[in-house]
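Enquirer: Can you keep this structure in mind? I'll have questions shortly.
Only the coordinates and a few stated rules stand behind these numbers; no lab work does. Model, not experiment: these values are computed from the prediction. Glycine gets a Cβ as well: all are built from the backbone with ideal geometry, and neighbour counts include every protein chain shown.
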Amino acid sequence: MDLRQAFGTNVRQHRRAVGMTQEHLAERVEVSIETIGKIERGVAAPSFDTVERIASALQISPLALFGAGGGALPNGDRGRLIAHIQAILADMNEDQMARAAKMLDAFMGR
C-alpha cells in the first residue's frame, strides 16, 4: 500500500468513525465530492492545506491521516496481508465489521 492509499484509507476510516458522509466532508473541506472520493481511493494526493482542512473537519491531528503513531507494518507477506485486511475493513460498515469480528473470533477459537 503506498502513501496515497494509506492516507485515503485513514481518511475513510476517520470519516466513517464520526458518521460523516463524503458529501458532508467535501462541504466542510470546500472541495468536490469527487475529490474526496479520489483521495479516499488513493487516486489523488491532496495539498497540505487540504490535509489540514480534512483533519480539522474530522477533529483529528493531520498526522493521524498519515498513520503517525499507529506503528509500522511488518515487512514481507505478513505486512502486505495486514494492509490488505485493513483496506477491506475500511470499506465495511459497522454491521459488516461486527460480523467479521465474530467470524475472526470463531476462527481463532475465542
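Enquirer: Round to a whole angstrom and tell me the spacing of the C-alpha centers of the stretch 87-110 and the stretch 1-54.
Expert: With the stretch 87-110 and the stretch 1-54 each reduced to a Cα centre, they are spaced 24 Å.
Enquirer: Only Cα pairs under 8 Å and at least 6 apart count here; give the relative contact order of the chain as a rounded whole percent.
Expert: That works out to 29 percent.
Enquirer: How would you rank 2-9, 58-65, highest first, on the average number of other Cβ atoms within 10 Å across their residues?
Expert: Averaged packing, sorted descending, gives the order 2-9, 58-65.
Enquirer: Let me ask something additional. Multiplying the sequence separation of Ile82 and Ala101 by 0.36 nm and subtracting their Cα-Cα distance, what value in nm do you get?
Expert: The Ile82-Ala101 span can extend by a further 5.4 nm.
Enquirer: Still on this structure, please answer the following. Label Ala17 and Ser32 with points 7 Å out from Cα along Cα→Cβ: what is the distance between them in nm?
Expert: Simple spin-label model gives 2.9 nm for this pair.
Enquirer: With the crude spin-label approximation of a point 7 Å out along Cα→Cβ, what separation in nm comes out for Arg41 versus Glu94?
Expert: Each label point lies 7 Å from its Cα, and together they span 2.8 nm.
Enquirer: Need one number: convex hull volume per residue for the chain, Cα atoms only, in Å³.
Expert: Hull volume normalised by residue count: 110 Å³.
Enquirer: Report the charge-dipole magnitude of the chain in Debye, nearest 20, computed about the Cα centre from +1 at each Lys and Arg Cβ and -1 at each Asp and Glu Cβ.
Expert: The dipole of the chain has a size of about 360 debye.
Enquirer: First measure r as the distance between the Cβ atoms of Arg110 and Leu63, then evaluate 1/(1 + (r/R0)^6) with R0 = 30 Å and state the FRET efficiency to the nearest 0.05. Could you put the intermediate results ahead of the total?
Expert: Working: r = 33 Å, r/R0 = 1.10.
Calculated transfer efficiency: 0.35.
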